[in-house]
Amino acid sequence: MLKPRVDPCIFLHGDVEDWVALLGDDFIRELVRRFRHVAVDMDQVARYILENPGAAGIGLRGLEVGGPYRREWGLFVESGYVHPGARAVWPYVPNDERLDVRLQVSPCFLLASLSRDVRYVWRNRAASLFKWVSAVPRHKPLEVFREAFPLWLRELGRSRGYVWVAWTKWRDRRNRHLAEWLYWLDTGRMPHVDAIRRRANAVYETAGCTKKSAAENLYVSS
Amino acid sequence: MRWEMPQRGVYLLKEVYMAEPSEASSYCRGRDSFVVVYIVASLEGGLDVVYGRVKPGVLGCPAATFTRRFSRAETKAAVRTLIDFATKVDKVPLFQINPDVIRFAGLCDEYPLICEDPAVVINRLSADAPKVRRQVEIQVKPETSAKSSLWLVEELARILRDKLELDGGFAEVLKRVIEDPDRLRECVSRHGRGYV
């Protein structure tokens with residue numbers, strides 16, 4: 001049984017070394033075997049999945065996965081479902097600013113197969129997204145969203161910091177999902193995967209704006 | 001062949017175009033009951049790609065599942081076989097097919113209409129059009145021109161075939177467009193790109 005040390009969101013994380021380190025050699029071998037009709041090595045498989053995230057869930061059907069993330073993997077390989085919740089844990093900074101952006105879905109949700117229920121979640125919890133794109137892109141989503149997101153919002157993440165964005169509010173909720181989106185759009189990597197790989201500085205100290213030296217940078221797995 | 005529903009798998013059709021089991025069950029009472037048929041391309045390692053017109057669930061009809069096994073190396077051939085069966089034998093329009101399955105199989109080049117956003121297809125068509133026109137004007141390299149326009153013609157033929165199979169009345173629409181193409185152009189400019 002395969003025991004990856006990361007959840008399925010790794011498939012949106014654009015760093016192949018992290019795939020190898022966190023999924024393990026056996027998983028990588030199985031991945032290459034299952035995608036060998038479109039790719040010959042791990043780099044090509046990673047590129048193919050990053051460009052077509054919907055293909056990952058289909059290619060891994062029937063795989064037996066255990067380990068600390070077995071529940072997430074079980075849902076993913078049996079039904080192509082990924083939880084829409086935010087994964088990254090951001091150190092607290094007091095922030096009462098409000099952003100009128102309704103984006104309460106993690107980019108990881110791009111991996112979920114587009115059933116009627118999944119479409120509803122997109123439309124309901126990520127309504128702002130559909131001001132910028134007409135439908136959830138299934139091919140090269142990173143490129144599509146990089147072009148589609150408004151510049152002022154991208155700039156906000158870079159100038160004020162992702163942590164600051166994470167603690168702003170949309171109505172009574174924090175914008176943790178939005179912070180994940182901005183981090184992913186800027187770096188092509190998932191913040192919680194970077195946190196697992198101990199790249200905490202890259203995640204939390206954006207431009208030094210929201211640096212909180214006393215904060216404990218820990219990733220808490222669900 | 002087995003007298004049961006497929007145990008698990010990825011369905012070739014989009015969920016929205018498949019019938020609810022309760023809906024299908026209403027046709028299966030008495031002696032003249034229908035049989036619900038599923039065709040499965042079973043890839044080694046546990047992936048079954050299933051073609052069927054009824055969603056998985058509690059079904060009141062007898063179900064027959066035909067399975068053919070493929071090795072992982074034959075993934076493209078397996079999915080292509082199912083698409084051929086669905087579109088040619090069962091006359092399912094292309095747009096009812098789940099694009100994620102086509103993407104997984106790496107068949108997007110063969111079926112661009114399934115994979116691509118309609119806006120991308122239209123952009124590709126409009127990008128090809130001036131090239132074709134220019135090549136025709138200067139009359140050089142006719143084989144390149146033919147290749148470029150072939151894609152366009154094939155796609156158009158595929159769309160029109162799908163439309164005609166779905167709705168016989170569409171033949172009348174086609175006839176009118178051929179008689180007066182300017183009217184179509186007016187419609188498009190009035191309603192914008194989203195309606196093309």
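Assorted remarks:
- The one condition from (1) closer than 14 Å to B:Q7 by Cβ; (2) touching a strand residue (DSSP E or B) at 6+ places or on another chain (Cβ under 6 Å) that B:L47 does not meet is (2).
- Comparison of B:G106, B:G46, B:G57 shows that the only residue that is more than 13 Å from every other protein chain (Cβ to nearest Cβ), among the small types (G, A, S) and under 23 Å from A:F76 (Cβ atoms) is B:G57.
- Scope segment B:16-75; condition more than 30 Å from A:R34 (Cα to Cα) and either in contact (Cβ under 8 Å) with a residue 40 or more places away in the chain or acidic (D, E) (or both); matching residues: B:E20, B:E23, B:D32, B:L59, B:P62
- The criterion of at least 2 residues that are among the aliphatic types (A, V, I, L, M) is met by the following helices (runs of 4 or more DSSP H) wholly inside segment B:1-118: B:75-84, B:99-105, B:112-115.
- Complete set of residues in segment B:109-133 that are at pLDDT 70 or above, in contact with a Lys or Arg (Cβ under 8 Å, 6 or more places away or on another chain) and more than 9 Å from every other protein chain (Cβ to nearest Cβ): B:E110, B:P112, B:L113
- Residue within segment B:39-49 that is over 25 Å from A:A55 (Cβ atoms) and surrounded by fewer than 21 Cβ atoms within 10 Å (Cβ to Cβ) present: no
- Failed item in (1) on the phi > 0 side of the Ramachandran plot; (2) within 12 Å of chain A (Cβ to nearest Cβ), with B:M18 passing the rest: (1)
- The residue that is farthest from the chain's Cα centre (by Cα), counting only those in segment A:110-131 that are more than 14 Å from chain B (Cβ to nearest Cβ) and part of a helix (DSSP H, G or I), is A:K131.
- For the criterion of being away from every other protein chain (no Cβ under 14 Å), surrounded by fewer than 18 Cβ atoms within 10 Å (Cβ to Cβ) and over 30 Å from A:W167 (Cα atoms), A:G24 passes.
- Given (1) facing chain B (nearest Cβ under 9 Å); (2) surrounded by 17 or more Cβ atoms within 10 Å (Cβ to Cβ), index of the condition A:R33 fails: (2)
- The residue list A:R34, A:R87, A:R98 contains one member that is in contact (Cβ under 8 Å) with a residue 24 or more places away in the chain, farther than 26 Å from B:G9 by Cβ, in contact with a helix residue (DSSP H, G or I) (Cβ under 7 Å, 6 or more places away or on another chain) and of a type in the set (K, R), which is A:R87.
- Checked against the criterion of being at pLDDT 90 or above, in contact with a helix residue (DSSP H, G or I) (Cβ under 8 Å, 6 or more places away or on another chain) and within 19 Å of A:S79 (Cα to Cα), the candidates B:V40, B:V36, B:V10 yield just one match: B:V10.
- Of residues in segment B:53-81 being of a type in the set (A, V, I, L, M, F, W, C) and more than 24 Å from B:E23 (Cα to Cα), the one surrounded by the fewest Cβ atoms within 10 Å (Cβ to Cβ): B:A73
- Of all the criteria given as (1) at pLDDT below 95; (2) surrounded by 15 or more Cβ atoms within 10 Å (Cβ to Cβ); (3) within 14 Å of chain B (Cβ to nearest Cβ), the one not satisfied by A:V82 is (1).
- Residue tally, condition within 15 Å of the chain's Cα centre (by Cα) and touching a residue at least 40 places away in the same chain (Cβ under 8 Å), over segment A:1-21: 11
- Of all residues in segment A:52-78, exactly one satisfies the criterion of being surrounded by fewer than 20 Cβ atoms within 10 Å (Cβ to Cβ), at the interface with chain B (Cβ under 9 Å from one of its Cβ atoms) and assigned to a helix (DSSP H, G or I), namely A:E78.
- The lone exception for B:I97 - which of (1) free of Cβ contacts under 8 Å to residues at least 60 places away in the same chain; (2) touching a helix residue (DSSP H, G or I) at 6+ places or on another chain (Cβ under 7 Å); (3) within 16 Å of B:Y11 (Cα to Cα) it fails: (1)
- Matching residues in segment A:36-51 - criterion: being within 17 Å of B:C108 (Cβ to Cβ) and surrounded by fewer than 17 Cβ atoms within 10 Å (Cβ to Cβ): A:Q44, A:R47, A:E51
- For segment B:63-76, the set of residues classified as modelled with pLDDT of 90 or more and either away from chain A (no Cβ under 14 Å) or more than 16 Å from the chain's Cα centre (by Cα) (or both) consists of B:A63, B:A64, B:T65, B:F66, B:T67, B:R68, B:R69, B:F70, B:S71, B:E74, B:T75, listed by residue number.
- Yes/no for A:R102 being of a type in the set (K, R), under 19 Å from the mean Cα position of the chain (by Cα) and modelled with pLDDT of 95 or more: yes
The values are calculated or read from the model by the stated rules, or taken from the named source; none is laboratory data. All values derive from a computational prediction rather than experimental measurement. Because the Cβ atoms are built from the backbone with ideal geometry, glycine has one as well, and the counts that use them run over all protein chains shown.
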